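Working notes for the structure below.
Quick note: the coordinates plus some simple rules give every number you see, no bench work behind them. Since we're looking at a predicted model, the values are computed, not measured. Cβ atoms come from the backbone with ideal geometry, glycine included; neighbour counts cover every protein chain shown.
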Amino acid sequence: MKQFLILLFTFIFVMFNPGVFYAEGRLVLSPECQEQAKVRDSLYNKGIMRDIISTFNLDINESSYGELSLKDLLIAHILYGGQIDDTYFNSLITLFSNLNTRGEPRLFVKPLNGYFLYKKTDNTNVMIRLTLENKKWTVIETQKKMGKPIDYKLLKCEEENIKNRN
């Protein structure tokens with residue numbers, strides 16, 4: 001159990017702390033540019049989710065479902081004890097594995113049902129409907145439909161940094 005928690009904390013630290021590994025030639029952005037990039041990325045992810053939700057005509061809003069990213073799910077798992085045999089967590093974490101996506105996949109949950117939404121790199125929107133049965137989340141439906149392309153634009157400060165690096 002202790003080893004699992006140490007590995008989980010290490011994984012979270014490495015995945016969500018961009019300064020851990022420093023490669024030569026890596027973009028070093030100013031704090032102001034980093035903040036602008038966070039805002040841009042947040043708007044980009046929201047645009048993707050709006051497109052997916054409208055494509056499948058889902059009734060998802062802030063008051064009806066809880067929204068979780070992979071980071072949110074990992075943090076919640078740790079806060080609630082980080083059990084290795086947590087079937088609730090294990091059945092959800094597998095959804096995030098081995099995906100090539102535009103933006104960040106999102107999990108929308110209610111107590112007994114939910115949706116896992118993401119946009120593939122070819123702009124195909126994917127909706128996976130889930131239900132909670134026997135202490136684990138089960139996929140009951142998967143749909144794919146072509147979505148709208150959502151533009152991701154580099155900020156001027158990022159472009160300048162790339163030019164200066166070369």
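Some notes on this structure:
- Maximal additional length on extending the Leu79-Thr138 stretch stands at 18.9 nm, based on 0.36 nm per residue less the C-alpha distance.
- Values of log10 I(q)/I(0), in the order q = 0.20, 0.24 Å⁻¹, for segment 84-146 under a Debye, Cα-only, solvent-free model: -0.76, -1.02
- Burial ranking of peptide ranges 70-80, 56-66 (average Cβ count within 10 Å, highest at the top): 70-80, 56-66
- Distance between the 7 Å Cα→Cβ label points at Thr87 and Asn100: 3.5 nm.
- A straight Cα-to-Cα reach below 23 Å connects Lys153 with the lysines Lys38, Lys46, Lys119, Lys120, Lys163, residues fewer than 8 places away in its own chain not being considered.
- Rounded to the nearest angstrom and listed largest first, the equivalent-ellipsoid semi-axes of segment 34-166 from its Cα gyration tensor are 29, 19, 13.
- Stretched out straight at 0.36 nm per residue, the stretch from Asn123 to Lys110 would grow longer than its current Cα-Cα span by 2.0 nm.
- Note on Ala37 and Ser64: the extension gain reaches 6.8 nm, defined as 0.36 nm multiplied by sequence separation minus the Cα-Cα distance.
- Checking every one of the chymotrypsin sites (Phe, Trp or Tyr not before Pro) in segment 92-166 against DSSP loop status and a limit of 16 other Cβ atoms within 10 Å picks out Tyr152.
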